[in-house]
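What follows is a single structure, written as structure tokens, with notes after it.
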């Protein structure tokens, strides 16, 4: 059985379309269809149920998807196993939006220079969604906010940064954080997000209940809304914030308990241990550099 045929089948299952799978695999739709037909003849049952332009896995196909993914993944690992220095293979890294614009760019420059044969696939998402993907084995590591629970022993976490809480207000506003929150609309960092709970706790500890304009789990969008004069917000001081909040007034909020902790979480025994170690070192270097770029206009 051809591993590449299984890979094409999984591309159809994940995209729901033979045409979309063909674009992903850089093949024609006819070639993808032929590969699926070969698999169906070898296995002796239908794998896809076609309706118009969509294709869905049959119940029999659903039962073999997990094993097919493992086979495709194990075949991909052979490249890393054959690497003389161990710095090969493919890493699937999940990252929240602020890591994508803050920690990752510098870290990836360092990583790709040191391991030109390795490949990194970046998967964006929220901390909660990426954690679930990591547990399911769909990604190798995740750059996320620390969860509100202890991680299982099957996972290893490396803390990259403590990001102190800060108030963002439109340029030219005056007053303490509490006074601004009482009189201006509050653009709330979604309190159900793992990183948003710290701002919610700070407000609760001070018995403040600002008028919420909207909830967002997108810190860059929050900073842009504040810069446009839409309201104020409480956000963590992530690396690269100055690119979005350069026109805001930034007021530091004291208290380590309200800081967001950013982690790299991975399996305890990664598939490519040396490549993963290099990624960790690259992220630590990127985190140190990112801290120097934080806004300083706190008053």
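The values are calculated or read from the model by the stated rules, or taken from the named source; none is laboratory data. Quick caveat, the model's predicted, so the values are computed rather than measured. Cβ: placed from backbone, ideal geometry, glycine included. Neighbour counts: every protein chain shown.
Given the conditions (1) buried (at least 20 other Cβ atoms within 10 Å of the Cβ); (2) outside any strand (DSSP E or B); (3) in the same structural domain as residue 247 (by TED's automatic domain parsing), report the number of the one that residue 179 does not fulfil.
(1)
Based on this model, can you work out whether residue 265 counts as in contact with a strand residue (DSSP E or B) (Cβ under 9 Å, 6 or more places away or on another chain), within 19 Å of residue 101 (Cα to Cα) and either assigned by TED's automatic domain parsing to the domain that holds residue 119 or assigned to a loop (DSSP other than H, G, I, E, B) (or both)?
Judged against the criteria, residue 265 is a match.
So, of the residues in the stretch 1-49 that are more than 23 Å from residue 75 (Cβ to Cβ) and touching a residue at least 24 places away in the same chain (Cβ under 8 Å), which turns out to be farthest from the chain's Cα centre (by Cα)?
19
Restrict the check to the stretch 217-230 and report whether at least one residue is at pLDDT 90 or above and part of a strand (DSSP E or B). Before you say what the answer is, go through the steps one by one.
Keep residues of the stretch 217-230 that are at pLDDT 90 or above, which gives 217-230.
Narrowing further to those that are part of a strand (DSSP E or B): none.
No, the stretch 217-230 contains no residue that is at pLDDT 90 or above and part of a strand (DSSP E or B).
Of all residues in the stretch 129-170, how many are closer than 23 Å to residue 274 by Cα and not in a loop (DSSP other than H, G, I, E, B)?
Summing the residues that are closer than 23 Å to residue 274 by Cα and not in a loop (DSSP other than H, G, I, E, B) in the stretch 129-170 gives 16.
So which of 76, 84 is within 30 Å of residue 115 (Cα to Cα), assigned to a loop (DSSP other than H, G, I, E, B) and either out of contact with any helix residue (DSSP H, G or I) (no Cβ under 7 Å at 6 or more places or on another chain) or modelled with pLDDT of 95 or more (or both)?
After ruling out the rest, the residue left standing is 84.
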